[in-house]
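Input: a single structure, listed below in structure tokens.
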Amino acid sequence: MKVLYLFIISVFLMSSSCGIEISPDEELTLNKQGFTGNQLKINGYYYFKSGNDLYDTFILYRNGVILSGGGNAPDTDPFIFIENLFNSYQNNNSYQEKKSNWGLFVIDNNIICMEKWHPSSGGGMPVYKRTGEILNDTTFIITKMIRSSTGNEVSIDETFHFKKFSPKPDSTNSFIE
């Protein structure tokens, strides 16, 4: 065990002395602006059902912040699982400390743009924008995902539907002022 411990310390010291830097997280490019419109309802969350029966969720707040609310576990009732997760946030603020949960959104007429940090397997967290069209106050379609720093774009087709839910988790976090 001592040998393993010494090996790990040696690797750490050698890598730090070689000038290896971990790249910083990318910066959001959208400016935070409050949402005063009525193009989308915000008294709940939006969900997208993927092809493998897993759900992805976003909570939109009046202050222009989005919370990536996560999704369900395989073989669970998605809405019970997701809403139990949101309810657990009321008692445990650890979701507020995870940078990849947070981002911003902007709505211009019937166009929505959401930008958030994404988890990384090495280096800093990349930032991606998702853009699409608002169909009505309970449905929007995301058609593009763009890496903010490179402009690399991928076409996607994700239809998000609204589900009323209260109380929403607090939008306070240390990453977006």
Using only alpha-carbon positions, what ratio does the radius of gyration of the chain give when scaled by 2.2 N^0.38 Å? 1.20
Lysine pairs in region 26-164 8 or more apart or on different chains: how many have alpha carbons under 21 angstrom apart? 23
Can you order the peptides 61-74, 24-37 by their average number of other Cβ atoms within 10 Å per residue, highest first? 61-74, 24-37
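Any read-out appearing in this document is the output of simple, stated calculations on the displayed coordinates, not a laboratory observation. Worth saying up front: this structure is predicted, and the values here are computed from it rather than measured. Please note: Cβ atoms are built from the backbone with ideal geometry, for glycine as well, and neighbour counts cover all protein chains shown.
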